[in-house]
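The structure under discussion appears below in the form of structure tokens.
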Amino acid sequence: MTIVRSLRLTAFVTMLLALSALPARADGFITPFIGYHFGGDSSDCASLTNCQAKHTNFGVSIGKMGSIFGFEEDIAFAQDFFAQTPGDQSSILTVMSNLMVGVSAGPVQPYAVGGIGLVRPHVHASLNPTAVGGDSNAAGYDIGGGVNIFLLKNVGVRGDIRHFHTLQDVSVLHLGSLVVGQKLDFNRASVGVTFKF
């Protein structure tokens, strides 16, 4: 069984268990978001505030939240994830199944998340024949938190910071030796709009 199939099965079972544990009055939500990566192995941004060249990421979080516990599926994509050399392209895709703990009443609703899923970096070296590009699938986890501020009953603004880490070594090779047989480690800051239903 491949890693991707194992992750899909794990995410599916986790989702079923989480949804079965939610109370009947759980609210569904969808949050499209935009943000950037910083720290660790991400490109050009050493820290959240000291970042001259932010590379945009975007994605969506979909889930259900009960009075305290919930479940979320978080999917995000970032272009130019690694430091670039002329002719190279890089990106990273994350798909995480998360359990949530938080406050789901009132206009200000803080939460914490943690889960497992897929981290898929990609490098394509189009101009440099000595560079090696490729994809690599790895199991990983994320942990973090944020806050939803609901300006209307079912529409709010979300701020979120998460840490991502692969559980396996990832080999994405190119001339600049971006990642060669090591674990990926990075953070993501994002803002989004939450729609409850």
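The values are calculated or read from the model by the stated rules, or taken from the named source; none is laboratory data. Note that the structure is predicted; figures quoted are calculated from it, not measured. In this analysis, Cβ positions are derived from the backbone assuming ideal geometry, glycine residues included, and neighbour counts consider all displayed protein chains. The accessibility values were calculated without ligands, DNA or RNA, using every heavy atom of the protein model including side chains. Shrake-Rupley method; radii C 1.70, N 1.55, O 1.52, S 1.80 Å.
Taken residue by residue, segment 129-149 has at least one member that is under 18 Å from residue 105 (Cα atoms), modelled with pLDDT of 95 or more and of a type in the set (Gly, Ala, Ser).
Say we look at segment 34-73 and pick out the residues that are outside any strand (DSSP E or B) and of a type in the set (D, E, K, R); which of these is modelled with the lowest pLDDT? Please lay out each step first, then the result.
Filtering segment 34-73 for residues outside any strand (DSSP E or B) gives 39-44, 46-50, 52-55, 66-68.
Right, trim to of a type in the set (D, E, K, R) and you get 41, 44, 54.
Working: 41: 67, 44: 64, 54: 69.
Checked segment 34-73; the qualifying residue modelled with the lowest pLDDT is 44.
Cβ-Cβ contacts under 6 Å between residues 6 or more apart (or on different chains), taken from a first residue in segment 135-156 that is over 21 Å from residue 113 (Cβ atoms) and outside any strand (DSSP E or B) to a second residue that is open to solvent by less than 50 Å² (accessible area, probe 1.4 Å) and not β-branched (Val, Ile, Thr), are listed as 136/121. Against the list (1) in a strand (DSSP E or B); (2) at pLDDT below 90; (3) of a type in the set (S, T, N, Q); (4) open to solvent by less than 50 Å² (accessible area, probe 1.4 Å), the condition residue 14 fails is (1). Taken over segment 168-197, residues that are in a loop (DSSP other than H, G, I, E, B), at pLDDT below 90 and open to solvent by 40 Å² or more (accessible area, probe 1.4 Å) amount to 7.
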